[in-house]
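What follows is a single structure, written as structure tokens, with notes after it.
The values are calculated or read from the model by the stated rules, or taken from the named source; none is laboratory data. Computed from a predicted structure; not experimentally measured. So basically every Cβ, Gly included, is an ideal-geometry build from the backbone, and we count neighbours across all protein chains shown.
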Amino acid sequence: MTRLRTEPNIFDSDGFFQELLDLHRDCSKDESDALNISLILLLANHIGDREVLREAMKAAACVSLRSEREP
């Protein structure tokens, strides 16, 4: 079974993050949400492994819930 890879694995991760920010720069909230959905679905299709995708969803939910609880 493939496991979700959580250790850093993107060359120039700061550059990648900047590209994501640039992609959203002139978007409205609705456009940004639609862009995120499209990107998520494209990447999920590329990954293709439902178990890995479930792990990613659980990990993202935990991060989201943790940030909501922080003051």
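Brief remarks follow.
- Exactly one residue among SER32, SER28 is touching a helix residue (DSSP H, G or I) at 6+ places or on another chain (Cβ under 6 Å) and at pLDDT 95 or above, and that residue is SER32.
- The range 1-25 - residue that is modelled with pLDDT of 95 or more and acidic (Asp, Glu) and, of those, farthest from ARG50 (Cα to Cα): ASP22
Per-residue answers, yes or no, for (1) touching a Phe, Trp or Tyr at 6+ places or on another chain (Cβ under 7 Å); (2) aliphatic (A, V, I, L, M); (3) over 22 Å from THR2 (Cβ atoms):
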{"residue": "LEU23", "(1), (2), (3)": "no, yes, yes"}
{"residue": "ALA34", "(1), (2), (3)": "no, yes, yes"}
{"residue": "SER38", "(1), (2), (3)": "no, no, yes"}
{"residue": "LEU43", "(1), (2), (3)": "no, yes, no"}
{"residue": "GLU51", "(1), (2), (3)": "no, no, no"}
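- Restricting attention to the range 4-28, the residues that are in contact with a Leu (Cβ under 7 Å, 6 or more places away or on another chain), among the aliphatic types (A, V, I, L, M) and not in a helix (DSSP H, G or I) add up to 0.
- Pairs with Cβ under 6 Å, 6+ apart, first in the range 43-57 and surrounded by 11 or more Cβ atoms within 10 Å (Cβ to Cβ), second among the small types (Gly, Ala, Ser): LEU53/ALA44
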